[in-house]
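Dropping a structure here in structure tokens format, bear with me for questions.
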Amino acid sequence: MNFQQKFHKPTEIEASAPGRVNLLGEHTDYNDGFVLPTAIPLRTTVQLGLSNNEQHHFYSENLDEYANILDIHHTPSGFASYIFGCIEVLKKQEYTIPFLNVYVKSSIPIGSGLSSSAALEVATLRALRQLLNLPIDDVAIAQLAQQAEIHYAGVQCGIMDQMAASLADTDHILFLDTRTLERRLLPLPSGTEIVVIDSGVARTLASSGYNKRRAECEEAAQLLRVKALRDITEVEAVEALPELLRKRARHVVTENSRVLEVLQGVSSQRFGELMNASHTSLRDDYEVSVPVLDRLVAILQKTPGVFGARLTGAGFGGACVALVTAGEGKAIVTKVLEQYELTGDRGQILVPIITR
Ligand code: GLA
């Protein structure tokens, strides 16, 4: 199937955006904190054309799902909600958006914590910018994409994923201060490459406790009388909080300091240690890991050539990321996956891309 076959017209515009993997700085973005994502070589492509009638027509090649939007006052569900959300946020900015045919294809797995949704939003907005000549820059694209996710997909997310999809590349790590949007492209630690393995345990962001974690952080910030947990820099300051909030806040404060340490310049070894510490904190204090992820991370951490490993993204399932010796990624992930699958779990190597 392609655009022409689906809509009986040629494509007018095509745009794409990458997925991302976050190396460090997890669950810090909605606390105004610091993150270190990088783009991965998996992408979502959106093709657009004008519709023949007063309806939107969206098609996802991967899901083989078609959504016909007859009622623009009703948000559709599934993949269509992201495209619909992008159109609606642009309309709120007073742009006139025509009725569209939209064709989506992607190599980013859904629900693995690699931001397939942000890639879809950013690719959709890029395609609309091109089609309609909209005067919006890449930061505005990310901000509009985040609004689409919050208001139309129902996830109270931060800005990391959309900024990464809009501004990151696969050769650098994007340091981002999510409060000021100050950013810097950093090189990968010397002599390393990134690997990503999906645990095979699916997760659903909206129903997974993500919004609950966010509310807990807001409550902790309120009790500590700061605007956001980013404003707490000494971990001792969280000691006075009730136990659950203390754990949540402790993760955020220590995670921010790990990212800032990287920004000062660290060895590959130290970067790996910080990733390992991040996983422990996400598991024990933030409680967003699950036993299978812990097992996959433990296997990675014990494998020679691995500097460090952790769950990546929101957690509750999905993928793990590791920093490994350059040139050894393929051999390492193959070996790790073999071991992981001994107990019947089914994982998938996502980065590096291995063609069999
Ligand atoms: C999801 C959200 C991001 C971020 C991460 C956790 O990917 O969309 O904004 O909060 O979880 O770090």
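The values are calculated or read from the model by the stated rules, or taken from the named source; none is laboratory data. Just so you know, these numbers come straight off a predicted model, no measurement behind them. Every residue, glycine among them, receives a Cβ derived from its backbone with ideal geometry; neighbour counts consider all protein chains shown. Quick note on the areas: whole protein, heavy atoms, side chains included, nothing else; ligands and nucleic acids left out. Shrake-Rupley method; radii C 1.70, N 1.55, O 1.52, S 1.80 Å.
Would you work out if the stretch 1-87 is rounded, prolate or oblate? Take a ≥ b ≥ c from the square roots of the eigenvalues of the alpha-carbon gyration tensor; rounded if a/c is under 1.5, else prolate when a/b is larger than b/c, oblate otherwise.
prolate
Taking the Cα centre of each part, how many Å lie between the stretch 239-260 and the stretch 141-171?
So the separation of the two Cα centres works out to 24 Å.
Where in the stretch 92-117 does the amide nitrogen come within less than 20 Å of the point 7 Å from the Cα of GLN55, taken along Cα to Cβ?
Under 20 Å, as judged by backbone N against the label point of GLN55, lie 97-104 of the stretch 92-117.
Using a 10 Å cut-off on Cβ atoms, rank the peptides 192-198, 266-272, 241-247 from the highest mean neighbour count down.
Values: 192-198: 22.7, 266-272: 16.9, 241-247: 14.3.
Per-residue mean Cβ counts within 10 Å order the peptides as 192-198, 266-272, 241-247.
With the cut-off at 27 Å, report for the chain the share of all Cα pairs above it, as a whole percent.
46 percent
Could you work out [θ]222 nm for the chain from helices alone, using -39500 (n - 2.57) per DSSP H run of at least four and dividing by all its residues? Round to the nearest 500 deg cm²/dmol.
When only DSSP H runs of four or more count, the value is -12000 deg cm²/dmol.
Follow-up question, since we're still on this one. How would LEU223, LEU63, LEU282 rank on accessible area, largest to smallest, probe 1.4 Å?
Numbers: LEU223 95, LEU63 70, LEU282 0 Å².
Descending accessible area places them as LEU223, LEU63, LEU282.
Please give the FRET efficiency for HIS172 paired with LEU223, using the beta carbon to beta carbon distance and R0 = 35 Å, rounded to the nearest 0.05. Display every interim value, and only then the final one.
Details: r = 37 Å, r/R0 = 1.07.
With a Förster radius of 35 Å, E is 0.40.
Suppose every K and R has +1 on its Cβ and every D and E has -1 on its Cβ; what is the size of the dipole of the chain about the Cα centre, in Debye to the nearest 20? If you can, show how the numbers build up before the last one.
Details: 33 positive and 42 negative charges, 69 e Å.
It comes to approximately 340 debye.
May I ask what percent, to the nearest 5, of DSSP beta bridges between residues of the chain are antiparallel?
Values: 43 of 47 bridges.
Of all bridge pairs located within the chain, approximately 90 percent are antiparallel.
Per-residue HN-Hα couplings for the stretch 193-202, Karplus 6.51 cos²θ - 1.76 cosθ + 1.60 at θ = phi - 60°, whole Hz, x for Gly and Pro?
The phi angles translate into 9, 9, 10, 9, 10, 7, 6, x, 8, 6 Hz.
Which of the peptides 230-240, 143-153 is most tightly packed, and how do the rest follow, going by the mean number of other Cβ atoms within 10 Å of each residue?
Values: 230-240: 14.3, 143-153: 22.5.
In decreasing order of mean packing, 230-240, 143-153 become 143-153, 230-240.
At 0.36 nm per residue, minus the direct Cα-Cα distance, what do GLN156 and LYS302 gain on full extension? Give it in nm, one decimal, please.
Gain on stretching GLN156 to LYS302: 49.1 nm.
Starting from the exponent 0.38 and prefactor 2.2 Å, build the expected Rg for the stretch 3-185 from its residue count and divide its actual Cα Rg by it.
With N residues counted in the stretch 3-185, Rg over 2.2 N^0.38 Å equals 0.98.
Here's another thing I want to ask about it. Which shape class, rounded, prolate or oblate, goes with the stretch 138-199 when its Cα gyration tensor gives a ≥ b ≥ c as root eigenvalues, a/c under 1.5 marks rounded, and past that a/b bigger than b/c marks prolate? Display every interim value, and only then the final one.
On the way: a/c = 2.71, a/b = 1.56, b/c = 1.74.
Note, shape of the stretch 138-199 comes out oblate.
With +1 on the Cβ of every Lys and Arg and -1 on the Cβ of every Asp and Glu, and nothing else charged, how large is the dipole of the stretch 72-208 about its Cα centre, in debye rounded to the nearest 20?
280 debye
Just grab the label-to-label distance for GLN269 and ASP71, each label 7 Å out from Cα along the Cβ direction, in nm (one decimal).
6.3 nm
Could you check the simple spin-label distance between LYS6 and GLU287, using points 7 Å along Cα→Cβ, in nm with one decimal?
If labels sit at LYS6 and GLU287, their model points lie 4.1 nm apart.
Continuing with this model, one more query. Pairs LYS227/LYS247; LYS9/LYS91; LYS105/LYS302: which are spaced more than 27 Å apart, C-alpha to C-alpha?
Violating the 27 Å Cα-Cα cut-off are LYS105/LYS302.
Treating only the Cβ atoms of Lys and Arg (+1) and Asp and Glu (-1) as charged, compute the dipole magnitude of the stretch 129-201 about its Cα centre; round to the nearest 20 debye. Walk me through the numbers before you get to the answer.
Details: 4 positive and 10 negative charges, 42 e Å.
Computed charge dipole of the stretch 129-201: roughly 200 debye.
Just to confirm my numbers, what's the Cα centroid distance between the stretch 24-68 and the stretch 285-356 in Å?
24 Å
With a 10 Å radius around each residue's Cβ, average the other Cβ atoms per peptide and rank 285-295, 81-91, 52-62, highest first.
81-91, 285-295, 52-62
When a/c reaches 1.5 or more, the comparison of a/b and b/c decides; with that in mind, is the stretch 188-355 rounded, prolate or oblate per its Cα gyration tensor?
oblate
Also, quick follow-up: Whole-Hz ³J(HN,Hα) for each residue in the stretch 8-17, computed from phi via Karplus 6.51 cos²θ - 1.76 cosθ + 1.60 with θ = phi - 60°, x for glycine and proline: what do you get?
Along the stretch 8-17, the couplings run 6, 8, x, 5, 9, 9, 9, 9, 9, 8 Hz.
Counting only heavy atoms of protein chains, what accessible area per residue, in Å², does the stretch 93-154 have with a probe of 1.4 Å?
37 Å²
Ignoring ligands, DNA and RNA, what percent of the accessible area of the chain is carbon or sulfur (1.4 Å)?
Summing carbon and sulfur atoms, their accessible area is 49 percent of the total for the chain.
On to the next question. Which far-off residues, 5 or more places away or on another chain, put their amide H under 5 Å from the one on HIS56, with H placed in the peptide plane?
Amide H neighbours of HIS56, under 5 Å, 5+ apart: ILE69, LEU100.
Let me check against my output: what whole-number percent is the relative contact order of the chain, with C-alpha pairs under 8 Å and at least 6 apart? Write out the running numbers ahead of the final one.
Details: 730 pairs, mean separation 73.1, N = 356.
Value for the chain: 21 percent.
Whole-Hz Karplus ³J(HN,Hα) for the stretch 67-72, in order, using 6.51 cos²θ - 1.76 cosθ + 1.60 and θ = phi - 60°, x for Gly and Pro?
Result, ordered by residue: 10, 9, 8, 8, 10, 6 Hz.
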